Amino acid sequence: MHRSSSRPQLDLSKAEIQGNFEEKYPTILLPNQSHDISHLALDIGGSLIKLVYFSRHRDQSTYDKRMINVNNRLGFPPNGNRRSYPILGGRLHFVKFETSKINECLDFINSKQLHCGGESRYSDATTDSNAIIKATGGGAHKFADLFKERLGLSLDKEDEMNCLVAGANFLLKAIRREAFTHMEGQKEFVQIDTNDLFPYLLVNIGSGVSMIKVDGDGKYERVNGTNVGGGTYWGLGRLLTKCESSNFDELLELSQKGDNSNTDMLVGDIYGGMDYSKTGLSASTIASSFGKVTSEKKGLDDYRPEDISLSLLRMISYNIAQVS
């Protein structure tokens with residue numbers, strides 16, 4: 001967020017992802033960031049709103065103790081007139097909301113006073129009528145008036161694809177252990193040579209999917225795409241599982257409890273439980289998504305929602321990977 005043409009910059013030195021890499025909302029630690037910076041930015045897509053904001057410290061008491069320790073080391077009296085020096089460090093936090101529930105996003109911003117230059121417990125500031133935040137995605141245009149009405153914020157609209165490429169380059173260059181392979185449930189981190197990063201293919205999976213060839217900073221070309229993406233999974237998932245909740249995460253949680261072999265036709269179903277070794281296909285390879293349903297006299301209610309959700313997720317994910 002900014003109120004003038006001059007805005008502080010992030011210090012990315014020694015930045016790294018914190019905590020469990022599998023957790024829902026990981027944070028990025030910026031150990032050398034000045035504490036007096038405030039950042040808030042939004043990506044308002046067709047299905048989800050993605051929000052990133054910077055926080056100084058986990059709580060004020062911790063911050064106060066660190067300030068006292070620093071002042072003591074420097075020989076400053078507790079209540080002296082000497083200037084206190086800022087503590088370095090902070091975090092980038094990532095949160096998402098359903099676009100259809102945009103008011104929840106607005107309430108979150110308001111509750112943390114992110115539109116006032118920082119979290120409420122650190123700032124007594126009030127909203128400036130000229131406050132501006134960076135935003136991208138179609139919703140930055142669609143909901144601009146709502147942000148102005150509810151929070152007094154103007155949205156500085158950025159090109160969606162420019163932001164996407166710049167963000168990917170930032171993560172690959174600045175964040176350690178950002179790139180990895182995922183094979184049979186095992187994650188293996190890949191060492192990135194920032195001097196030999198380009199070209200690479202960036203596959204952006206949103207409601208729809210775009211495949212982008214990135215040749216350098218600001219140099220890219222959209223080379224392909226598909227309308228079968230996250231929105232497809234969400235929409236078909238709600239219809240097929242009759243999921244009472246419209247929550248995307250709950251649909252994903254269903255898939256984690258599923259067994260797709262109850263609905264998908266596997267190579268082993270065709271070859272009597274054996275691999276098709278000549279072509280390198282294991283018995284567990286999916287030969288036909290939902291193929292087993294065609295040979296069974298069952299209705300939709302006879303299949304577990306968990307199995308349907310997993311089959312659908314794999315069908316769409318594999319299709320995106322194949323097109324890419």
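Nothing in this text is a laboratory measurement; each read-out follows from the coordinates by a stated rule. All of these numbers come straight from a predicted model, not from anything done at the bench. For neighbour counting, all protein chains shown are included, and Cβ atoms are generated from backbone atoms with ideal geometry for every residue, glycine included.
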Give me 184, 16, 160 ranked fewest to most by other Cβ atoms within 10 Å of their Cβ, as a rough exposure proxy.
184, 16, 160
Honestly segment 200-324 on the Cα gyration tensor test (a ≥ b ≥ c root eigenvalues; a/c under 1.5 rounded, otherwise a/b vs b/c for prolate or oblate) is just oblate
Got a sec? How would 115, 93 order by Cβ neighbour count within 10 Å, fewest to most?
93, 115
Tell me, in nm to one decimal, what length is gained between residue 190 and residue 27 on full extension, where the rule is 0.36 nm per residue of separation less the Cα-Cα distance?
56.7 nm
Among 14/112; 157/219; 101/257; 213/242, which pairs are too far apart, with a Cα-Cα distance over 31 Å?
213/242
Taking 140-152, 277-289 and ranking on average Cβ neighbours within 10 Å, highest first, one gets 140-152, 277-289
Compute the length gained on full extension between residue 224 and residue 294: take 0.36 nm times their separation in residues and subtract their Cα-Cα distance, giving the result in nm to one decimal.
22.0 nm
Per the 1/(1 + (r/R0)^6) rule, R0 = 22 Å and r from the Cβ atoms of residue 110 and residue 247, FRET efficiency to 0.05 is 0.50
Need one word for segment 241-311: rounded, prolate or oblate. Basis is the Cα gyration tensor (sqrt eigenvalues a ≥ b ≥ c); a/c below 1.5 gives rounded, then a/b vs b/c decides.
oblate
Would you mind checking which residues have amide H under 5 Å from residue 16's amide H? H placed 1.01 Å from N; only 5 or more apart, or other chain.
29
Two decimals, Cα atoms only, Kirkwood Rh: what is Rg/Rh over segment 162-226?
0.98
